[in-house]
Amino acid sequence: MKEKQISRTALLMAYVRGYHAMSGTLRIFEDNLAYDLLTDEERGIFEQQFTPPPIQLIESVDPIGAESCHNQADRLA
């Protein structure tokens, strides 16, 4: 860890704890303050990195059905 530099691991864990508190259906713990530790920009960066595009989500849930579609628009329908 470098002096006077924010830990990316700590920021990531704040995001994960906040996401779990807001989105988890089976909560192990509820850290409602975790998201408040992040700026909107930091939260947006993590959301982009960890939220798959809808097409990837469909392909991971139903790969056979996704393959039977001729294009991405059909897969999303």
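The values are calculated or read from the model by the stated rules, or taken from the named source; none is laboratory data. Note that the structure is predicted; figures quoted are calculated from it, not measured. All Cβ positions, even for glycine, are placed from backbone atoms using ideal geometry, and neighbour counts span all protein chains on display.
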Within the stretch 19-74, work out how many residues are among the aliphatic types (A, V, I, L, M), closer than 21 Å to T9 by Cα and either surrounded by 12 or more Cβ atoms within 10 Å (Cβ to Cβ) or at pLDDT below 70 (or both). 6
What about A77, is it in contact with an Asp or Glu (Cβ under 6 Å, 6 or more places away or on another chain), at pLDDT below 75 and not basic (K, R)? no
When the residues of the stretch 9-34 are narrowed to those that are in a helix (DSSP H, G or I) and among the β-branched types (V, I, T), which ends up nearest to Q49 (Cα to Cα)? V16
